[in-house]
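The values are calculated or read from the model by the stated rules, or taken from the named source; none is laboratory data. The structure displayed is predicted, hence computed values, not measured ones. As a convention, Cβ positions derive from the backbone with ideal geometry for all residues, glycine included, and neighbour counts pool all protein chains shown. Areas reflect the complete protein model, heavy atoms only, side chains present, ligands, DNA and RNA absent. Shrake-Rupley method; radii C 1.70, N 1.55, O 1.52, S 1.80 Å.
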Amino acid sequence: MNKGFYLKMAWGNIRKNRNIYLPYLLAASVMTALFYIQGSLCDMVDISGMKGKRMMSSLLGISTPITGIFSLVILFYVNSFVMKQRKKEFGLYCVLGMERRHIARILFYETLILAVIGIGLGLLFGALLDYLSYLLLMYLIGSPGGTGFSLSINAFTDTLGIFAVIFLAVYLNNLRQIHFTSVISLLKS
């Protein structure tokens, strides 16, 4: 089977199961946007001339990895819900003659499509809400908010890297679930 078949099948599966993939994409987009905004705020506080920027930067620097860990947990949880809904479908694929490596390719393309859409939307919303969150932070601490705003390339690359690793971990977890589960238990689930 050619690679276009797997991509077409993956896109069809996403469209067909959009009611279970929509919360997954929403969670991925929101967590990506939050992670980007936190990283960007940390960078903006560093370049601003505000009073107490060292303390604010260190607090934001501590909270950014915590947001990454929460993102990992939330995306794994939502993904387990999606996989639970789709195990019967994967069992049917096996009964119809598909090997597990074919299912792995379909899962790869599904994860790739979802990662591109989720990370892309999250970075877009994060960039749009970035300035608003910066102004809100400056208002809360009582500092003038007109200086120090810029789109952070560092936060962009960090967010892209972290969420690429998270989606890779999700894909590997999906492979583990499909590989170590028998066809009968896939059909019964």
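Data table
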{"item": "ILE47, sole failed condition from (1) aliphatic (A, V, I, L, M); (2) touching a residue at least 40 places away in the same chain (Cβ under 8 Å); (3) touching a helix residue (DSSP H, G or I) at 6+ places or on another chain (Cβ under 8 Å)", "result": "(3)"}
{"item": "Close pairs (6 angstrom Cβ cut-off, 6 or more residues apart or separate chains): of a type in the set (Gly, Ala, Ser) in the range 150-163, open to solvent by less than 80 Å² (accessible area, probe 1.4 Å) anywhere", "result": "SER152/SER40; SER152/ASP43; ALA155/TYR36; ALA155/GLY39; ALA155/SER40; ALA155/ASP43"}
{"item": "Residue in the range 102-112 that is open to solvent by 50 Å² or more (accessible area, probe 1.4 Å) and over 20 Å from LEU7 (Cα atoms) present", "result": "no"}
{"item": "Flag if VAL73 is without any contact (Cβ under 8 Å) to a residue 40 or more places away in the chain, assigned to a helix (DSSP H, G or I) and β-branched (Val, Ile, Thr)", "result": "yes"}
{"item": "Candidate set from the range 51-63 (those that are in contact with a helix residue (DSSP H, G or I) (Cβ under 8 Å, 6 or more places away or on another chain) and open to solvent by 20 Å² or more (accessible area, probe 1.4 Å)); member that is nearest to VAL170 (Cα to Cα)", "result": "SER63"}
{"item": "Subset tally (residues that are among the polar types (S, T, N, Q) and either touching a Gly at 6+ places or on another chain (Cβ under 6 Å) or not in a helix (DSSP H, G or I) (or both)) for the range 5-25", "result": "1"}
{"item": "Whichever residue in the range 167-186 is open to solvent by 60 Å² or more (accessible area, probe 1.4 Å), more than 14 Å from SER80 (Cα to Cα) and part of a helix (DSSP H, G or I) and, among such residues, is modelled with the highest pLDDT", "result": "LEU168"}
{"item": "Counted residues, the range 76-115 - those being touching a residue at least 24 places away in the same chain (Cβ under 8 Å), among the hydrophobic types (A, V, I, L, M, F, W, C) and closer than 15 Å to HIS179 by Cα", "result": "10"}
{"item": "The one condition in (1) touching a residue at least 24 places away in the same chain (Cβ under 8 Å); (2) more than 25 Å from the chain's Cα centre (by Cα) that LEU129 fails to fulfil", "result": "(2)"}
{"item": "Pick from the range 121-144, criterion farther than 23 Å from ILE74 by Cα and open to solvent by less than 20 Å² (accessible area, probe 1.4 Å), ranking: modelled with the lowest pLDDT", "result": "MET138"}
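Listed here are the residues, each with its yes/no results for (1) β-branched (Val, Ile, Thr); (2) surrounded by fewer than 22 Cβ atoms within 10 Å (Cβ to Cβ); (3) more than 15 Å from the chain's Cα centre (by Cα).
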site	(1), (2), (3)
GLY4	no, yes, yes
ASN13	no, yes, yes
LEU22	no, yes, no
ILE47	yes, yes, yes
